[in-house]
Structure formats: structure tokens, C-alpha cells
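Visitor: Quick one: structure below, then a few questions.
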Amino acid sequence: MKQRKTWREKLSDSKDLPKVLDIPDRLRAKWGTGNFVIPAPIEVDELMRRVPKGKLTTINHIRMALARKHDTTVACPLTTGIFAWLAANAAEEDASEKKKRVTPYWRTLKAGGVLNEKYPGGVTAQKKRLLAEGHKLTKKGKKHLVADLEKSLFDFD
């Protein structure tokens, strides 16, 4: 039986990415006209790694940084989100192997500063790490989010 790839192997397997494509007609109402980038998984991980302790980012800020890097109108939200999830799981895999430096995925939030329930350990684990780094959290309905997100945002430029 074929052995499963590790999260780290999946993260490193860029296939034929990044890829820049024209925005299709069906997405123009949402994304506008121009082109978009489907990033390589490692590019998303590299941006997530740049966010220092005490700072935060969102998937949308990562998408904007990717669009600037590739000189495109936008970056694909679906693949960027999937690759952030992949980076988070690879980081946990690295941590379980006692590696010193892991991607601080808990500092990457969903749009609006919402915590990501799909990260390893869910919202509970992300919340614990963010509180340990001094961030204030709030709850809006069922969603947990970072209070005063704007004050903590990391600038990729």
C-alpha cells in the first residue's frame, strides 16, 4: 500500500504552481476584471512565517500580498485558505517532531479577525495561543475574534 505524504511533503509539493490566469467571466462580478494567482503552498507558508509575535494577519491580507508579488488583480481565496490550513498542519507535524521553528499559523486569522476552527486543535487551541501572546479576544454570536485587530495587523510591505 502506498504510504501517505506527510503534511510537510504536501506543503513542499508545488506541482505547477504558482499559476497566473485571467479572471473568468463567472467570477468577474465578485473579483473584477484582470487576472488572479493560484499561489504555491510554500508561498502561503512563507508569508505566514513572517508574522512576528504580537502581530497578526488575515487570509485576505495574505491574498493581497500574493497579488502584489505576482502583479495580479487578486489571489485565489479558496487555494490560499486551503494552503494556510496545510501550513498549519505541517507546523503541528514539525512541532511533534520537536523542531524549534514552526510556522506560527495561529497568527493568521480569517477575514475580520475571526479565529479558524479548521486549524489543528480548533478555536480552543488558537485562542489559547493568541491569549498567551497578549491578544484580547471577543465573541460575536458563535464566532471568536480578535478585539482591536487593526492595532495588531502585520504589514507585509
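The values are calculated or read from the model by the stated rules, or taken from the named source; none is laboratory data. A quick note: this is a predicted structure, and the numbers were derived from the prediction, not measured. Cβ: placed from backbone, ideal geometry, glycine included. Neighbour counts: every protein chain shown. Only protein heavy atoms, including side chains, enter the accessible area calculation; ligands, DNA and RNA are left aside. Shrake-Rupley method; radii C 1.70, N 1.55, O 1.52, S 1.80 Å.
Visitor: Those residues that are assigned to a loop (DSSP other than H, G, I, E, B) and loosely packed, with under 14 Cβ neighbours inside 10 Å, I need them from the stretch 119-157; list them, please.
Guide: Gly134, Lys136, Gly141, Lys142, Ala147, Asp148, Asp155, Asp157
Visitor: Report yes if Thr103 is assigned to a loop (DSSP other than H, G, I, E, B) and closer than 28 Å to Arg28 by Cβ, otherwise no.
Guide: So Thr103 fails the test.
Visitor: For residues in the stretch 1-36 being outside any helix (DSSP H, G or I) and under 21 Å from Tyr105 (Cβ atoms), which is most open to solvent (accessible area, probe 1.4 Å)?
Guide: The residue in question is Arg4.
Visitor: Out of curiosity, is Gly112 under 18 Å from Val146 (Cα atoms) and out of contact with any Asp or Glu (no Cβ under 9 Å at 6 or more places or on another chain)?
Guide: Judged against the criteria, Gly112 is a match.
Visitor: Quick check: anything in the stretch 56-69 within 24 Å of His135 (Cβ to Cβ), in contact with a Ser or Thr (Cβ under 7 Å, 6 or more places away or on another chain) and open to solvent by 40 Å² or more (accessible area, probe 1.4 Å)?
Guide: The answer is yes; a qualifying residue exists.
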